[in-house]
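Reading through the structure tokens given below for one structure.
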Amino acid sequence: MTSTAGVAPPVDVPGLPAEPPGELPPPTGRRRGGIGYLLLLPGLLWLALFFVVPFYSLVATSLYDPAGSDFRGYEMTWAVGNYVDALQEYWRPLLRSLWYGGLATVFCLVLGYVLAYAIAFKAGRWKNLMLVLVVAPFFTSFLVRTLSWKLILADDGWVVNTLQVLQVLGDDGRLLATPVAVVAGLTYNFLPFMVLPLYASLEKIDPRLVEASSDLYAHPAVGFFKVTWPLSLPGVVSGTLLTFIPAAGDYINAELLGSPNQRMVGGVIQSLFTDANDYPAAAALSMVLMVLIVVMVLVYVRRAGTEELL
Amino acid sequence: MSQVADTSATPLDPGAPARGDHTAYDGLRLRALTKSFGGFTAVRSLDLDVPRGSFFALLGPSGCGKTTTLRMVAGLETPTSGTITLAGQDITYAKPYRRPVNTVFQSYALFPHLDIFENVAFGLRRRRQKDVDRRVQEMLELVELTSQARKRPAQLSGGQQQRVALARALINNPEVLLLDEPLGALDLKLRRSMQIEVKRIQVEVGRTFVHVTHDQEEAMTMADTVAVMNGGVIEQMGAPAELYENPRSTFVANFLGQSNLVEGRVLRRAADVTTVDMQGIEVSVPTARVHTDSDAGWVGIRPEKVLVGPPGEELDAPGNTIPGGVVSDVSFVGVSTQYLVRMPWGQELQVFSQNTGRTRLFTQGEPVELSWRPEYAFLLDRGQDVAAGSAERAGA
Amino acid sequence: MNGLRWLREHLVLVLGLLVLAYTFVPIAVVVLMSFNAPASRNVYAFDAFTLDNWANPCADPGMCDALTRSVQIGLLATLVATVLGTLAAFALVRHDFAGRSATNLLVFLPMAAPEIVLGSSLLALFVATGFSGRLGFWTIFVAHVMFCLSFVVVAVRARLAGMDDHLEQAAMDLYATPLQTFWRVTFPLVFPGILGAALLSFSLSFDDFIITNLNAGTTTTFPMYVWGVAQRGVPMQVNVVGTVMFLVSVAIVVVGELGNRRRLAARA
């Protein structure tokens, strides 16, 4: 608060209460302390109790004695071996998750960029409608939509039949239970996470910049790669992160559209927890996934040179 | 430094106590008002009297403290020290919603979720006043927006929004209406017509208006009294013409219009005329327009007060004549021709010559003589920055 | 030739529309299948048209139970997350305090972390604290509030930060007390942001599977029900629910858009 030094006590005038300074918060800028903490407290407490503490719990669980169970209880033995075991046993689904997640992110980027670009620069007065249409399908249940893909890609469905007629697929070729189906499902499900940040970034670009580049003898393609693409990079970076992180952790697509050969690490963690009740292994695997994703994201963000995004 | 408005009905005696009996004064009175933000002092021990019913302008470049002063009067900023009294009542620490002062914000700050009628009625409804409908209608008539009453602010043009902001504040019959650069967002043409409009409304309602602006032309057009503010203090205060004709500091001389400032030394001081050696030429300055006690000074003259002629020709007696100039640049701007004339001591002086048809045009490189009437010259303190205020001048 | 030129000029738009169409393919299938009378429980193909699925949405009572539970959890979690998140957003925008950036990070992380990690962390906590036998409605609720909270904070914070400070100052200048200023100016202006955040919360909660599945115990939500039947044969009523969800979300968007249009039209 402001200093009151040198101020004579204000004269009390009826109707115009001259109050001492200190009671009047400065209406501009932020107020300090007090009620701010009070407003923040419940939310922070919730996040602390059900996000921070659980994470600590996960780290602890990952180091419990692997022999523990619900009946015998769990013992903290700093069993770093859990990590080694988890990596040895599950490195395939782990790498597969990152690989599928990465592929889906690339496909999302290509499809999403086209869509976002069309909305930002070509949609005219249909801009808002198209944005609504991008989001609308995704308010329908994730699982129901994924099941719908299962039907579309089914062995005797029209997609497979058409591809067989076109000789793209062999006569006994199939899509379901292949990596193609899983990556296609991931791409489909996480597309809006790519489109929206891309759109936000593209929308800010002044179309006159592109005109200026063509005025300065840049071929449209050159103009795109020298002007539009660099300016849209913030959207590209946040879009790829928003797509990759959930895609790599997802297992619904792998389980519904793939076979055990396409199992992703999320599914392994899930079944270790709920079917095998092997909590230490599940927690260790979860930690490994988390660390891998964090490392990849940091490397990627550093290379993209846009650390301020985080 | 005490500043007294010339139009003041009850001029402040500079010897009067800074605090204490303010009840005698019915206007807005600031005494030793100071506002610091951390280490930065935005307003420094400001004393100011704004007479009731006047149109008062606080003029200065951005960052000079004028908006902070205004916000303290509005109650949106708490003074670090000093007092604010209004019609004899101390309102220094009264909350913004408890003081009879209303503000027209630079961004207008119209409530986007309320229509024009409800925006204007807002203050009346908060104070549970009667006759809201009639008074809002009257106010909308005053600002000529009756047909827009049920529209939302976003549906109006900038000029219309500005008038709503004015109506919304004025309807509360404030003792003082504060206008914070209210015309800044409008384009030039609209700004000129709104200046006249706001002035008309002020005359009609007869309230005290305190107008903050960085636009000298706007301040001079609208206000009865202008206070030029710089670096948290008031440099000079007075009627627009007086400020322009007789600036007391290099800042005012440069910020309010343009000035030629030439270094000089005082030779003789007499009761009516002071003689100055200006680069070897003796010039006279009326003693009433000498604003320095030291011998070194800046001789100031406005460009349009300088006459230009061929060497040896008597221009306008009795004048200060300065020979040996050479035209270095000519810009023909229609109503006038603006010359830059390089003087023997190397300085370039500005001359604005009205295109009356009586004088011929001079061309670049031509030798000329300059001359001006002594009563237009002024003398400023040599210690002041010769360029102060020229970079900050708006619309120069 | 004209056609080719038109295509060249509108290529990006056409491609964009194709991508958009692709996102609607599964929806079309869901709608279609909601009218399907399947020949057998295991074959998932369109056999015959029927309105039975719409007439008897609760043919499998398990589905409607799960649906009811999802709606209950969604409403409750949305209510709590919206209140807590809105308060926190006000604190973050309007108040200054130690640990601001740490708080912002804490709000950001749950949105960035993979769901499977969030879910396993919570389960690890419940196991460690002896709650593993009591997983169910309340553990799901706790989890849902946790991940909805961040989204609410972000949405309301954006709305608040975008608000002109001068509006509240103007209200106070016009004799509104702080309380009146809040209810007459601040709240009405922030409300669309809060409403949007609440809708998003509900949809996140209603649709969540990965975190819920880990912390649900024997309780079944609608996504978990779908997961279960996906292995043994999907009742067509699931598609009825999918279609209704789609229609409801479109309706909400249309109502919102019409509101915008009306404001825009009034402006013209």
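The values are calculated or read from the model by the stated rules, or taken from the named source; none is laboratory data. Keep in mind that this is a model prediction, so the values were computed, not measured. Virtual Cβ from ideal backbone geometry, glycine too; neighbours counted across all protein chains shown. In case anyone asks, the SASA skips ligands and DNA or RNA and just uses the protein heavy atoms, side chains included. Shrake-Rupley method; radii C 1.70, N 1.55, O 1.52, S 1.80 Å.
Report the A-C buried area as the accessible area lost on both sides summed, probe 1.4 Å, in Å² to the nearest 100. Display every interim value, and only then the final one.
Details: alone 19670 and 16620 Å², together 29090 Å².
Chain pair A/C: roughly 7200 Å² of buried accessible area.
Can you pull the mean other chain C-beta count within 10 Å for peptide C:239-250?
4
Considering amide H positions built from the backbone, and no H for Pro or chain starts, which residues 5 or more places from residue C:96, or on another chain, come under 5 Å of its amide H?
Hits under the 5 Å cutoff: A:31, A:32, A:33.
For the protein assembly as shown: lysine pairs with Cα atoms under 22 Å, gap of 8 or more or different chains, count?
9
Restricting to segment B:4-243, what percent of DSSP beta bridges are antiparallel, rounded to 5?
50 percent
What ³J(HN,Hα) values, in whole Hz, does the Karplus curve 6.51 cos²θ - 1.76 cosθ + 1.60 give for segment B:159-169 when θ = phi - 60°, with x put for Gly and Pro?
x, 5, 4, 4, 5, 4, 4, 5, 5, 4, 7
Using a 1.4 angstrom probe on the protein heavy atoms only, could you order B:335, B:327 from most to least accessible area?
B:335, B:327
Roughly how large is the C-B contact in terms of buried accessible area, totalled over both chains, probe 1.4 Å, nearest 100 Å²?
Working: alone 16620 and 17700 Å², together 32130 Å².
When C and B are taken together, about 2200 Å² of accessible area is lost.
Using the heavy atoms of the protein chains and a 1.4 angstrom probe, tell me the accessible area per residue for the protein assembly as shown in square angstrom.
Dividing the accessible area of the protein assembly as shown by its residue count gives 44 Å².
Below 8 Å, C-alpha to C-alpha, sequence gap of six or more: please give me the relative contact order for segment B:246-396 in percent.
Relative contact order comes out at 34 percent.
Alpha carbon centre of segment B:136-206 versus segment A:236-301: separation in Å?
61 Å
Give the average, rounded to an integer, of partner chain Cβ atoms located within 10 angstrom of each Cβ in B:116-122.
Mean shielding count: 2.
Which trypsin sites (Lys or Arg not before Pro) in segment A:67-142 pass both tests, a DSSP loop state and at most 11 other beta-carbon atoms within 10 Å? Mind showing how you got there, number by number?
Working: sites: A:72, A:96, A:122, A:125, A:127; in loops: A:72.
Those satisfying the criteria are A:72.
Counting only protein heavy atoms and using a 1.4 Å probe, what share of the accessible area of chain A belongs to carbon plus sulfur, as a whole percent?
Carbon and sulfur: 66 percent of the exposed surface of chain A.
Once amide H atoms are placed 1.01 Å from N in the peptide plane, what residues at a sequence separation of 5 or more from residue B:263, or on another chain, have their amide H within under 5 Å of its amide H?
B:299
From the protein chains alone at 1.4 Å, what is the descending order of accessible area for B:111, A:51, largest first?
Values: B:111 0, A:51 30 Å².
So the residues, ranked largest to smallest area, are A:51, B:111.
What's the ranking of A:253-260, B:254-261, C:181-188 by average number of surrounding C-beta atoms within 10 Å, highest first?
The most tightly packed comes first, giving B:254-261, A:253-260, C:181-188.
Starting from the residue with the highest accessible area, list C:146, C:224 in decreasing order, probe 1.4 Å.
Sorted by accessible area, descending: C:224, C:146.
Of the accessible area of chain B, with the probe set at 1.4 angstrom, what percent is carbon plus sulfur?
In chain B, the share of accessible area belonging to carbon and sulfur is 50 percent.
Shielding of A:115-124 by partners, i.e. mean partner chain Cβ atoms within 10 Å per residue?
5
Could you give the longest part of chain B that holds none of the GluC sites (Glu not before Pro) found in DSSP loops with at most 14 neighbouring Cβ atoms within 10 Å?
Of all site-free stretches, the longest is B:145-312.
Just going by the charge dipole of chain A, with Lys and Arg at +1 and Asp and Glu at -1 on Cβ, which of A:109, A:67, A:214 is farthest out on the positive end?
A:214
Could you work out [θ]222 nm for chain A from helices alone, using -39500 (n - 2.57) per DSSP H run of at least four and dividing by all its residues? Round to the nearest 500 deg cm²/dmol. Don't skip to the answer; put the middle values down first.
Working: 13 runs with 189 residues, N = 310.
Value at 222 nm, helices only, nearest 500: -20000 deg cm²/dmol.
Give the shape of segment B:258-385 as rounded, prolate or oblate, defined through the alpha-carbon gyration tensor: a ≥ b ≥ c are the square roots of its eigenvalues, a/c under 1.5 means rounded, and otherwise the shape is prolate if a/b is larger than b/c and oblate if not.
prolate
Evaluate the distance, in nm, between pseudo-label points positioned 7 Å from the Cα of residue A:275 and of residue B:391 along their respective Cα→Cβ axes.
Result: 7.4 nm between the two label points.
Under the classification rounded if a/c is under 1.5, otherwise prolate if a/b is larger than b/c and oblate if not, where does chain C fall, given a ≥ b ≥ c as square roots of the Cα gyration tensor eigenvalues?
Working: a/c = 2.05, a/b = 1.24, b/c = 1.65.
Judged from the Cα gyration tensor, chain C comes out oblate (a/c at least 1.5, b/c at or above a/b).
Give me the dipole magnitude in Debye, nearest 20, for chain B about the Cα centre, with unit charges on the beta carbon: positive for Lys and Arg, negative for Asp and Glu.
Here the size comes out at about 1920 debye.
If you take every residue apart from residue B:143 with its C-beta less than 11 Å away from the C-beta of residue B:143, what net charge results, scoring Lys and Arg +1 and Asp and Glu -1? Working shown, then result.
Details: positive: B:163, B:168, B:200; negative: B:138, B:141, B:144, B:197, B:204.
So the surrounding residues net to -2.
Which order do the peptides A:281-293, C:62-74, A:159-171, B:28-40 take when ranked by the mean count of other beta-carbon atoms within 10 Å per residue, highest first? Walk me through the intermediate numbers first.
On the way: A:281-293: 24.1, C:62-74: 18.9, A:159-171: 12.1, B:28-40: 17.2.
For the peptides A:281-293, C:62-74, A:159-171, B:28-40, the packing ranking is A:281-293, C:62-74, B:28-40, A:159-171.
For each cysteine in the protein assembly as shown, check whether another cysteine's C-beta sits under 4.7 Å from its C-beta; list those where none does.
Lacking a cysteine Cβ partner under 4.7 Å: A:108, B:64, C:148.
Quote the accessible area belonging to residue A:155 in square angstrom, nearest 10, computed with a 1.4 Å probe and with ligands, DNA and RNA left uncounted.
Counting only protein heavy atoms, residue A:155 exposes about 70 Å² to solvent.
Could you tell me which of rounded, prolate or oblate describes chain A, using a ≥ b ≥ c as the square roots of the eigenvalues of the alpha-carbon gyration tensor, with rounded for a/c under 1.5 and, failing that, prolate when a/b is larger than b/c and oblate otherwise?
Taking the square roots of the gyration eigenvalues as a ≥ b ≥ c, chain A is oblate.
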